[in-house]
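Here is the structure we will look at, set down as structure tokens.
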Ligand code: SG4
Ligand code: ZN
């Protein structure tokens, strides 16, 4: 698509990508006192087949982030459903947003607080047939966002990705890596029992900023080691960007709700 944009001047994005100036843009700052209550009886979001190992996995430096894709056997592609979602959404890719230092990096903020890194797991609604078509619809995409904290133990999924980083230092490079299930990204730190997540209608956080995303933000925080953050910062992004987090956008009257925790089924 020849998308040329950088993080030096994100306020200029609407000039080339009009949707970036729209009314349901992402990310946002989540003010906890404004979040709606969990309604009893609401079903959680189910993550299906996150335990299935793909046949192949590829990592790509697309100049804006490092992205992970995979190919599963027919019927084994991971999906999410439940919670605020209608229908089933298929895994497309996952990627990260980080900052130039550990005090910044996440795209979403909670009570104005930044986290050093945010992982996005992008899914598209099956009934639209493919991701490109899904992106044209207000409910076409569902992104699971994980606000991650620094921990002494490394993130197992990112560790698998790092094995290929030497081959994708420059933008537009891709390489195959040893396949592993997406459940490797789950935090291996203390399992909080009463985790919730936040949901609101928003957009892609990069151009073309399509307003097609149901955001599901987990407060069951993931973990990452400082050396892993440093290895992400060594990847070269386009225009010498040293961060890839868009500033927060106006709510414009949207409300954020809180749901039950994200659960697994046949994982
Ligand atoms: C990253 O640049 C991904 O690599 C893109 O994925 C993604 O675009 C973009 O971020 C925006 O996604 O979850 N941050 S976000 O809103 O998923 C899409 C690809 O270019 C369309 C495949
Ligand atoms: Zn993202």
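The values are calculated or read from the model by the stated rules, or taken from the named source; none is laboratory data. Here the structure is a predicted model, which is why all the values come from computation and not from measurement. Every residue, glycine as well, gets a Cβ built from its backbone with ideal geometry; the counts of neighbours run over all protein chains shown.
General remarks:
For every residue, the table says whether it meets (1) closer than 30 Å to residue 163 by Cα; (2) part of a loop (DSSP other than H, G, I, E, B); (3) modelled with pLDDT of 95 or more.
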| residue | (1), (2), (3) |
| --- | --- |
| 208 | no, yes, yes |
| 227 | yes, no, yes |
| 236 | yes, yes, yes |
| 243 | yes, yes, yes |
| 247 | no, yes, yes |
| 258 | no, no, no |
| 261 | no, yes, no |
| 267 | yes, yes, no |
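- Residue 148 in contact (Cβ under 8 Å) with a residue 12 or more places away in the chain and part of a helix (DSSP H, G or I): no
- Any chance residue 152 is more than 14 Å from residue 185 (Cβ to Cβ) and at pLDDT below 95: yes
- Residues that are over 15 Å from residue 181 (Cβ atoms), buried (at least 20 other Cβ atoms within 10 Å of the Cβ) and at pLDDT below 95, drawn from the range 32-80: 45
- The residue of the range 103-113 that is farthest from the chain's Cα centre (by Cα), among those that are closer than 17 Å to residue 241 by Cβ and more than 9 Å from ligand 1 (Cβ to nearest atom), is 104.
- Restricting attention to the range 151-185, the residues that are more than 16 Å from ligand 2 (Cβ to nearest atom) and either free of Cβ contacts under 8 Å to residues at least 40 places away in the same chain or in a helix (DSSP H, G or I) (or both) add up to 10.
- Residue match in the range 99-106 (condition: at pLDDT 95 or above, within 13 Å of ligand 2 (Cβ to nearest atom), under 16 Å from residue 145 (Cβ atoms) and buried (at least 22 other Cβ atoms within 10 Å of the Cβ)): yes
- Looking only at residues in the range 83-98 that are in contact (Cβ under 8 Å) with a residue 60 or more places away in the chain and part of a strand (DSSP E or B), the one that is surrounded by the most Cβ atoms within 10 Å (Cβ to Cβ) is 98.
- Filter result (in contact (Cβ under 8 Å) with a residue 24 or more places away in the chain, under 18 Å from residue 124 (Cα atoms) and away from ligand 2 (no atom under 16 Å from the Cβ)) within the range 55-79: 70, 76, 77, 78, 79
- Hits in the range 107-128 - residues which are under 23 Å from residue 33 (Cβ atoms) and within 13 Å of ligand 2 (Cβ to nearest atom): 107, 108, 118
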